[in-house]
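Only one structure is covered here, and it is reproduced in the block below.
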Amino acid sequence: LGDSIGATVCSAQPNSTGVPSEIAAYGDDRAIANLFELRATSLPPGAAGYFLASMNLDFVPGAGGSQGDLCVGNPVGRIVDSGQLASPLGVSAWRVDLTSIPQPTGAVQVVPGTAWYFQLWYRDANPGPTSNFSEAAGILFR
């Protein structure tokens, strides 16, 4: 989908691979185009995870007992249909439907002029079973 768009808005803690997971957005920042994908990299191979979406930022160290930091703020939508296992190369990708972003009160459409923040929450073992978060990416949609 071309070059990355948006910006990293929060760093991540190292995972069991020894490095933090990165996140990037690709596609078109025009909401009407509905051409948008998220990719998280440097994940433990085979790690289960799903993307989170919010219009707010926050910083919660060790959220939910994780070894990482939650950077998206309430309300947070869990994009459960993005749940998958990271590839053998440690990559997880999701094609985002900008007309239906899950939120706690129901799906919403991304409209021009709004900023959205995305992060991947994933399972890890470092050294025991835990979870971690990728960096967070922010995109101002036109």
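General remarks:
Here is a yes/no grid of residues against (1) of a type in the set (A, V, I, L, M); (2) open to solvent by 50 Å² or more (accessible area, probe 1.4 Å):
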{"residue": "Q84", "(1), (2)": "no, yes"}
{"residue": "L89", "(1), (2)": "yes, yes"}
{"residue": "V96", "(1), (2)": "yes, no"}
{"residue": "Y122", "(1), (2)": "no, no"}
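- Unmet criterion (only one of (1) farther than 15 Å from A33 by Cβ; (2) at pLDDT 95 or above; (3) open to solvent by 10 Å² or more (accessible area, probe 1.4 Å)) for G128: (2)
- The range 1-52, residues that are at pLDDT 95 or above and polar (S, T, N, Q): T8, S11, Q13, N15, S16, T17, S21, N34, T41, S42
- Screening the range 16-46 for residues that are closer than 17 Å to Q84 by Cβ and over 14 Å from the mean Cα position of the chain (by Cα) and picking the one that is most open to solvent (accessible area, probe 1.4 Å) gives P45.
- Where a residue in the range 59-72 is over 12 Å from N132 (Cα atoms) and its partner, wherever it lies, is outside any loop (DSSP other than H, G, I, E, B) and open to solvent by 60 Å² or more (accessible area, probe 1.4 Å), with Cβ under 9 Å and at least six apart: V72/L57; V72/D58
- Total residues in the range 57-77, condition surrounded by fewer than 19 Cβ atoms within 10 Å (Cβ to Cβ) and closer than 12 Å to F118 by Cβ: 1
- G106 satisfies every condition listed in (1) open to solvent by less than 70 Å² (accessible area, probe 1.4 Å); (2) touching a residue at least 60 places away in the same chain (Cβ under 8 Å) except (2).
- Scanning the range 109-124 for residues that are of a type outside the set (A, V, I, L, M, F, W, C) and more than 10 Å from Y50 (Cα to Cα) yields Q109, P112, G113, T114, Y117, D124.
The rows are residues; the columns are (1) small (G, A, S); (2) within 24 Å of P20 (Cα to Cα); (3) touching a helix residue (DSSP H, G or I) at 6+ places or on another chain (Cβ under 6 Å).
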site	(1), (2), (3)
M55	no, yes, no
G77	yes, yes, no
G90	yes, yes, no
I101	no, no, no
Q119	no, yes, no
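- Conditions (1) open to solvent by 30 Å² or more (accessible area, probe 1.4 Å); (2) among the hydrophobic types (A, V, I, L, M, F, W, C); (3) more than 13 Å from the chain's Cα centre (by Cα): number failed by V80: (3)
The values are calculated or read from the model by the stated rules, or taken from the named source; none is laboratory data. This structure is a prediction, so every number in the text was calculated from the model and none was measured. Cβ coordinates were reconstructed from backbone atoms using ideal geometry, including for glycine residues, and neighbour counts include every protein chain displayed. The protein model used for the area step is the full one, side chains on, heavy atoms only, and it has no ligands, DNA or RNA in it. Shrake-Rupley method; radii C 1.70, N 1.55, O 1.52, S 1.80 Å.
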